[in-house]
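Everything on this sheet refers to the single structure shown next.
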Amino acid sequence: MKNQIIQQTELFVRNELGEDPTGHDWFHVDRVRRNALHICKEEMTGDPFIIEMAALLHDVSDEKINESAEAGTAKLKSFFQTVGLPVGIENHINQIIESISYKGGRKTMLETVEAKIVQDADRLDAIGAIGIARAFAYGGKKGQLIYDPSINVREEMSVEEYRKGKSTSIHHFYEKLLKLKDLLNTESAKKLAEGRQQMMLGFLEQFYLEWDGKDL
Ligand code: ADP
Ligand code: NI
């Protein structure tokens, strides 16, 4: 029964996200699901079904890939109607999805261990080599520059500024990616983040070296 629901959800998410070019494609979702189940196993806590469902659905209602936040919520709601999960489980999954987004550093207290695990899984996919690739893919799609040394790094910002303000993909490392390591909830995710953080720092070092022509 649960297997069937997972399969139905996979199919729905594949159709909805498919090849979204802003970093929310099916492969991202699949990695987040795998990360989340890995953390769940390592930590020996959390309900794997809730975790897997929330990981699969976490980007479907995102306002960035829907006409509006309301349209996204409605889409998810109508999917849930076709599945017929017990109300308590459906609410739990919805609550995880609603609470985990980063949105410029917004700190929401996460209420359940499942939410903490899915959030860590999503954040792990924003760092390391994959994180670097996703940042430049997102930046390209949005039409922002790779880098512009004359733009300041924004420290505090509203959700609106985070989405709309002028920035570059290199700036995004300082505004979000390098901070994620210290915002992780679980020990297993922190352990994985160490290597990924080193990878990003090494990348930036080499990037500036080449930018400044210091390796010539
Ligand atoms: P979240 O939903 O967790 O807030 P996003 O949907 O904003 O994350 O980001 C999707 C991917 O695009 C992530 O890998 C993120 O780091 C990257 N990204 C988001 N905003 C920017 C930006 N301004 N510049 C470059 N990459 C970005
Ligand atoms: Ni995501």
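For the chain, what is the accessible area per residue in Å², given a 1.4 Å probe and the full set of protein chains? If you can, show how the numbers build up before the last one.
On the way: 11630 Å² over 216 residues.
It amounts to 54 Å² per residue over the chain.
Counting pairs of alpha carbon atoms under 8 Å apart in space and at least six apart in sequence, what relative contact order in percent does the chain give? All intermediate terms of the calculation are to be shown ahead of the outcome.
Numbers: 231 pairs, mean separation 45.7, N = 216.
After rounding, I find 21 percent.
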| Fully extended, how many nm does the chain gain between residue 78 and residue 174 (0.36 nm per residue separation, minus their Cα-Cα distance)? | 30.8 nm
| said: What is the distance in Å between the Cα centroid of the range 1-73 and that of the range 121-161? | reply: 22
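What FRET efficiency do you get for residue 95 and residue 156 if R0 is 25 Å and r is their Cβ-Cβ distance, rounded to the nearest 0.05? Display every interim value, and only then the final one.
Working: r = 27 Å, r/R0 = 1.07.
In this case the efficiency is close to 0.40.
Say R0 is 41 Å: what FRET efficiency, to the nearest 0.05, do residue 67 and residue 206 get from their beta-carbon distance?
Once the sixth-power term is evaluated, E becomes 0.55.
Highest first, please rank the peptides 146-154, 70-78 by the mean number of other Cβ atoms sitting within 10 Å of their residues. If you can, show how the numbers build up before the last one.
Numbers: 146-154: 11.9, 70-78: 14.7.
Order by mean packing, descending: 70-78, 146-154.
To the nearest 20 debye, what charge dipole does the range 1-141 have about its Cα centre, counting +1 at the Cβ of each Lys and Arg and -1 at the Cβ of each Asp and Glu? Can you show the working numbers first?
Numbers: 16 positive and 22 negative charges, 45 e Å.
Value, rounded to 20: 220 debye.
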| field | Neighbourhood net charge (13 Å Cβ-Cβ; Lys/Arg +1, Asp/Glu -1) for residue 89 | value | -3
| query | Going by alpha carbons, how many degrees (0 to 90, nearest 10) lie between the helix axis of 69-83 and the longest principal axis of the chain? | reply | 40
| Choice from 117, 65, 97 with maximal GNM fluctuation in the chain (Cα, 10 Å cutoff) | 65
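Carbon and sulfur together cover what percent of the accessible area of the chain at a 1.4 Å probe radius?
Working: 6060 of 11630 Å².
The value for the chain is 52 percent carbon and sulfur by accessible area.
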| remark: Within the set 198, 95, 206, GNM on the chain using Cα springs under 10 Å gives the largest fluctuation to 206
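Just to confirm a number: summing +1 for Lys and Arg and -1 for Asp and Glu over residues other than residue 152 whose beta-carbon lies under 12 angstrom from that of residue 152, what do you get? Spell out each step's value before the answer.
Details: positive: 154, 166; negative: 148, 155, 175.
Surrounding charge for residue 152 is -1.
The values are calculated or read from the model by the stated rules, or taken from the named source; none is laboratory data. Not measured: the values here are computed from a predicted model. Reconstructed Cβ throughout: ideal geometry from the backbone, glycine too, with neighbour counts over all protein chains shown. We work out accessible area using only protein heavy atoms, side chains counted, and drop any ligands, DNA or RNA first. Shrake-Rupley method; radii C 1.70, N 1.55, O 1.52, S 1.80 Å.
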